[in-house]
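Chemist: Dropping a structure here in structure tokens format, bear with me for questions.
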Amino acid sequence: MFPGSKHEWLGAELRKQIEPLDAHTPLSTERELAVRYQVSRATVRTALRGLEAAGIVYRVQGAGTFVSDSTVSKTLTLTSFSEDMRRRASRPDSRVVVAGEVPAGSVIGGELRLSVDDPVVRLVRLRLADDEPMCLETSYLPAVLVPGLLGEDLSSSLYEKLDTLGIRPVRAEQVVTAVTTEDTEAGLLVVPPGAPALRVQRIGLDHRDQPVERTTSLYRADRYDLKFGVRREPLI
Ligand code: 16G
């Protein structure tokens, strides 16, 4: 028995049906879905509204409901991977590939404003959405800020863990680069070696403008894009 309401059950069923479909494939009509799943049309409508709000389908007045493009659009607000996935009604998860403490070195030390010998926590995680690899993420955090972090379960949200330590990135400097995946990266992301990817390097800063993380996120280019508004400068 499904624990939630009927429309939640139907929403979950429809999501499974939609998953293998190409973007823009039309869904059956509300009436057909009601008959097939033995529910009322109101239930179908509520379930479809939920899927629409989650960005899984879109509706065109008079034409019906269609499968949305499965590309995740990353907007320019400072969010975590877990927040991005939940917003799309996907279940975030991580597989920890590496977790340990290393000396900062000159590059990471420079970016986190630490000395070369200062310890940093290095965390490499494969980020999953509904068990599917989306992104490979390497984070460096000043060890002094995150005592005990390495003893915790690191497969859930890093930002939520930082929050409990009173650390909150409020702004970030980011650089986006188009790259191709190397063999190990491709293996983890389950894409062919050399497949295109978007590399986003983030330096997250707290309210005092102190760097608290330096993370490189390697997103599968077939699942991610970046979405941002632009504005024309007013004519003077
Ligand atoms: C995002 C951030 C990354 C951060 C991670 C935390 C970008 C480009 N990067 O992937 O810097 O470490 O979220 O996610 O958005 P979590 O809280 O789910 O572990």
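Chemist: Looking at the range 22-48 only, could you name the residues that are surrounded by 14 or more Cβ atoms within 10 Å (Cβ to Cβ) and not in a helix (DSSP H, G or I)?
Modeler: Those that are surrounded by 14 or more Cβ atoms within 10 Å (Cβ to Cβ) and not in a helix (DSSP H, G or I): 27, 28, 39.
Chemist: Ok, one more. Identify, from the list 183, 117, 163, the residue that is over 16 Å from the mean Cα position of the chain (by Cα) and under 18 Å from residue 94 (Cβ atoms).
Modeler: Every option except 163 fails the conditions.
Chemist: Return the only residue of 141, 162, 154, 188 being under 20 Å from residue 119 (Cβ atoms) and in a helix (DSSP H, G or I).
Modeler: 162
Chemist: Could you please give the count of residues in the range 60-92 that are more than 22 Å from residue 4 (Cα to Cα), assigned to a strand (DSSP E or B) and out of contact with any Asp or Glu (no Cβ under 6 Å at 6 or more places or on another chain)?
Modeler: Of the residues in the range 60-92, 8 are more than 22 Å from residue 4 (Cα to Cα), assigned to a strand (DSSP E or B) and out of contact with any Asp or Glu (no Cβ under 6 Å at 6 or more places or on another chain).
Chemist: Still on this model: Is it the case that residue 19 is over 23 Å from residue 62 (Cα atoms), touching a residue at least 24 places away in the same chain (Cβ under 8 Å) and outside the structural domain of residue 91 (by TED's automatic domain parsing)?
Modeler: It is false that residue 19 is over 23 Å from residue 62 (Cα atoms), touching a residue at least 24 places away in the same chain (Cβ under 8 Å) and outside the structural domain of residue 91 (by TED's automatic domain parsing).
Chemist: I'm trying to understand the selection: among the residues of the range 107-145, which are away from the ligand (no atom under 16 Å from the Cβ) and either in contact (Cβ under 8 Å) with a residue 60 or more places away in the chain or under 24 Å from residue 185 (Cα atoms) (or both)?
Modeler: Across the range 107-145, the qualifying residues are 107, 113.
The values are calculated or read from the model by the stated rules, or taken from the named source; none is laboratory data. Remember, it's a predicted structure, so these values are computed and weren't measured experimentally. No Cβ is skipped: glycine too gets one built from the backbone with ideal geometry, and neighbour counts run over all protein chains shown.
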